[in-house]
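These notes are about the structure you will find just below.
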Amino acid sequence: MTGEANGTVLADIAPGSVRRIHLVGVGGTGMGAFAGMLKAAGYTVTGSDENVYPPMSDMLHEWGIEVFTPYRAENLDRARPELVIIGNVIRRVNPEATAVRERGIPQMSFPAAFGALVAAGRHSIVVAGTHGKTTTAALMGHVLAAAGLDPTFLVGGVTLNYGGNFRLGQGSHVVVEGDEYDTAYFDKGPKFLHYRARTALLTSLEFDHADIYADMAHYQSAFERFCGTLPADGWLGVSASYPRAVELARAHTRARVVTYAAGAAADYRAGAVRFSEAGVEFVIEGPGRERAPVLLPMSGLHNVENAVGVYAAGRWLGLTSGQLAAGFASFRGVKRRQEPRGEVGGVLVLDDFAHHPTAVRETVAGIRQRYAGRRLWAVFEPRSNTSRRNIHQAEYAEAFNDADVVLLRRPEPHDKVPADQQLDVDAIVHAIRARGIEASALAEVPEMVDVIARGARPGDVVLVMSNGAFGGLIPSLLSALKGSFRHMAKPLQTYDTAGITVTFDPNVCIHSAACIRGLPAVFDVNRKRWVRPELASPEEVAAQVSRCPSGALQYHLSPLSSDA
C-alpha cells in the first residue's frame, strides 16, 4: 500500500475478496477487455470514461457493464465500488481519481489487478518485446486452446478465432501481452512487472516510447527488470535476431534461456520457408534433430519467427509438435494485423497496426512475399509519439523498399515533439524516390483516398498502416473504390467455345487469351466468342494478357489448342 498522497493503493488483493469493481478509463482496449473478463468471472462491474465509442461501447453493453460518462465524482456514488481500477490514461487531476483518493477507496492499477485477480495461482505466460506482442500472444493462447487446455488470455487486439481480445478459461494457463509502457499515474513502472511470469517470450528489443523513455539504456532497463521477475524454474524464449536481447536475458534472469529465430542460428529455427497467398509453410528445427513441418496462414518472416517462439514455448509447456502444427494451421490472426478489409474491383485493401520502422519494413516485405506479382501500395501514417520524431528518420527511408507505390500522411503538429525533433517526411519521400519507387506525401485523408482510388488498378494490393484510425481512410477508400469500379460488380462467367472452357471474372479483367491450333486468339466477353487469329495480332494478345492480374484467368484447353 502506497502513502497517503496517492490514497489507498493496493499492491495485491485476494480473488473473491471483493465483489463490486469500478474501472476508471473503461473505454480503452485493455481496460474494456479486462472489465469484460471480470464480469465473466462473476464480479459486479461498472466503468467510466470521458466518452465511449464503438466498438468498445457496443461490447461493454453486450457484456452487461454499466458505463458512466463523463468522469465525475458522483459516478462513485452510483457504482458503490469496493475496489477501483485506474487506467494508465488517467491523470492525477481526474475528478474520479481525486474522489477515490479523498474517500480512501481501495484502488489498483490495471496490471496489478490483473496480476492479483487473474494471473495469481495460474501458470502465467507473458509475451514481451518491442514488436509482435499482440499476434504472438494471440497465437500462444490459440495453440493452448486448440490443444484442449482451456487457457485464459488477454491481448491488445481482437482475435479473429474468438471475436474478442480476451478469453476466460478454466485451465491452469494464462497468456498476457506484456507491455513496457507505464502502469498508472501512481506507478510509473512498466506494466509487465505485475504479470507474475513463469514462462515468457522476448520477441525483440529496439528503442520505442520516446515520450516516457529517455534513451535506449533507459528503455532497456525495463526489460532487465522484467527478466528479473521470472523464477529459477521458469523459461524465457528470446529472439536470436536481437543479440542485445539475448545478452540482456542471460545477464538478468534466473530462468532457463532458449533462443529462437526465423533464419539465424538458434535453439529453435525455421527452415525451408515458402510463401504463398495461403500463408507460409516452413519446417521448425529444434533440439535433438526435431523437425516439424507447419503451415501458418500469415505473411512475413517476422511472423515466422514469432511462430517459432510460440512453438518453443509450447514444447516447454508439454504440447506435442502435432498439437502445435494444428494450432498454427487453424489460427485466423488478429484484427488490424495484415487484416483484409475488403476487395473491390480486384483491389485488395489490408489494414495493419505497424508504426515502428522495423514493423513497417517487415510488414511491407511480408505482404510482398504473400502477394508476389501484384502491385503493392504502402500507405502509412506516422501517428505515435515515437514515429513522429526523427529518431528513426533513416530507418523509415528504407522501410518501404518492397513497395511499388508509397503514400505517406504528413503528421499534424504535436505539442510533445519539439520542431527540431520532428520527422522530415519530405526527406523520406525524396529518399524513396531515389530508389526508383513512386512516392508522395499528403496532409489530408480525403486527398489520399482520391489519389489511391484514381490510381489503383485491378490486381493491386493497398496496405494501410497506422496505430490509429487514420482518419477513417479505409472505409472511405473502400467506398471510393466501389464508385470507381461500380460498372465491374459482376459475377463470374463461364463460356464454352472453340473447345475451350473459359472461367472469366469481369471484375478483374476484360479479356482472356490463348492459342488455338498454335495461333493467338483473344476471347471477347462482350461478344462471347474468340476473336480469330486474323483479327488478333500477337501484340494485341500480349497487350490484353498484360492487363489481367496473375490468377485472373482460368481455362481448360482441348487437344487442338495450347496455352499462350
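The values are calculated or read from the model by the stated rules, or taken from the named source; none is laboratory data. Because the structure is a prediction, the values reported are computed rather than measured. Because the Cβ atoms are built from the backbone with ideal geometry, glycine has one as well, and the counts that use them run over all protein chains shown.
For region 260-291, give me each residue that is under 22 Å from Leu202 (Cα atoms) and not in a strand (DSSP E or B). Give the derivation first.
Filtering region 260-291 down to residues under 22 Å from Leu202 (Cα atoms) leaves 260-271, 282-287.
Answer for region 260-291, where residues must be under 22 Å from Leu202 (Cα atoms) and not in a strand (DSSP E or B): Ala262, Gly263, Ala264, Ala265, Ala266, Asp267, Pro287.
Output the residues belonging to region 203-241 that are touching a residue at least 40 places away in the same chain (Cβ under 8 Å) and assigned to a loop (DSSP other than H, G, I, E, B). Let's see the steps before the verdict.
Step one: list which residues in region 203-241 are touching a residue at least 40 places away in the same chain (Cβ under 8 Å), which gives 203-211, 222-223, 226, 235, 237, 239, 241.
Result: Thr203, Ser204, Leu205, Glu206, Phe207, Asp208, His209, Ala210, Asp211, Ser241.
Looking at Ala217, Ala222, Ala210, which one is among the hydrophobic types (A, V, I, L, M, F, W, C), in the same structural domain as Ala249 (by TED's automatic domain parsing) and at pLDDT below 90? Steps first, answer last, please.
Values: Ala217 fails: at pLDDT below 90; Ala222 fails: at pLDDT below 90.
Step by step, each of Ala217, Ala222, Ala210 is checked, and only Ala210 is among the hydrophobic types (A, V, I, L, M, F, W, C), in the same structural domain as Ala249 (by TED's automatic domain parsing) and at pLDDT below 90.
Among the residues in region 17-33, are any under 25 Å from Tyr162 (Cα atoms), surrounded by fewer than 18 Cβ atoms within 10 Å (Cβ to Cβ), under 31 Å from the mean Cα position of the chain (by Cα) and not assigned by TED's automatic domain parsing to the domain that holds Tyr181?
yes
Please indicate, with yes or no, whether at least one residue in region 129-137 is surrounded by fewer than 24 Cβ atoms within 10 Å (Cβ to Cβ), in the same structural domain as Tyr43 (by TED's automatic domain parsing), in contact (Cβ under 8 Å) with a residue 24 or more places away in the chain and over 27 Å from Gly171 (Cα atoms).
Checking region 129-137: not a single residue is surrounded by fewer than 24 Cβ atoms within 10 Å (Cβ to Cβ), in the same structural domain as Tyr43 (by TED's automatic domain parsing), in contact (Cβ under 8 Å) with a residue 24 or more places away in the chain and over 27 Å from Gly171 (Cα atoms).
Of a type in the set (Val, Ile, Thr) and within 23 Å of the chain's Cα centre (by Cα): which single residue out of Thr229, Thr199 fits that description?
Numbers: Thr229 fails: within 23 Å of the chain's Cα centre (by Cα).
Testing whether each residue is of a type in the set (Val, Ile, Thr) and within 23 Å of the chain's Cα centre (by Cα) leaves just Thr199.
Can you find, within region 430-459, the residue that is farthest from Leu481 (Cα to Cα) among those that are in a helix (DSSP H, G or I) and basic (Lys, Arg)?
Our first condition is that a residue be in a helix (DSSP H, G or I); within region 430-459, this holds for 430-434, 445-455.
From the residues that got through so far, the ones that are basic (Lys, Arg) too are 433, 454.
Numbers: Arg433: 26, Arg454: 8 Å.
Of everything passing the filter in region 430-459, Arg433 is farthest from Leu481 (Cα to Cα).
Go through (1) over 24 Å from Phe353 (Cα atoms); (2) part of a strand (DSSP E or B); (3) in contact with a Ser or Thr (Cβ under 7 Å, 6 or more places away or on another chain); (4) not aliphatic (A, V, I, L, M) one by one and return the number of the condition Lys188 breaks.
For Lys188, the failing item is (3).
I need the full set of residues from region 286-299 which are among the small types (Gly, Ala, Ser), surrounded by fewer than 24 Cβ atoms within 10 Å (Cβ to Cβ) and in contact (Cβ under 8 Å) with a residue 12 or more places away in the chain, in order please. Lay out the reasoning, then the answer.
Start the filter on region 286-299 by keeping residues that are among the small types (Gly, Ala, Ser), which leaves 286, 288, 292, 299.
Okay, now just the ones that are also surrounded by fewer than 24 Cβ atoms within 10 Å (Cβ to Cβ), so 286, 288, 292.
Within region 286-299, Gly286, Ala292 meet the criteria.
Please specify each residue of region 30-56 satisfying the condition of being assigned to a helix (DSSP H, G or I) and more than 20 Å from Glu96 (Cα to Cα). Full working, then the answer.
Within region 30-56, the first condition is being assigned to a helix (DSSP H, G or I), and the residues that meet it are 30-40, 56.
Of everything in region 30-56, those that are assigned to a helix (DSSP H, G or I) and more than 20 Å from Glu96 (Cα to Cα) turn out to be Ala33, Gly36, Met37, Leu38, Lys39, Ala40, Met56.
Can you tell me which condition Glu102 does not meet? The list is (1) within 22 Å of Ala326 (Cα to Cα); (2) part of a helix (DSSP H, G or I), and all the others hold.
It fails just one condition, (1).
Just wondering, is there one or more residues in region 307-315 that are touching a helix residue (DSSP H, G or I) at 6+ places or on another chain (Cβ under 8 Å), over 30 Å from Ala456 (Cβ atoms), basic (Lys, Arg) and surrounded by fewer than 24 Cβ atoms within 10 Å (Cβ to Cβ)? Break it down stepwise before answering.
Of all residues in region 307-315, those touching a helix residue (DSSP H, G or I) at 6+ places or on another chain (Cβ under 8 Å) come to 307, 309-311, 313-315.
Those still in the list that are over 30 Å from Ala456 (Cβ atoms) too: 307, 309-311, 313-315.
Going one step further and asking which of them are basic (Lys, Arg), we end up with 315.
Subsequent filtering for residues that are surrounded by fewer than 24 Cβ atoms within 10 Å (Cβ to Cβ) retains 315.
Yes, that holds for at least one residue.
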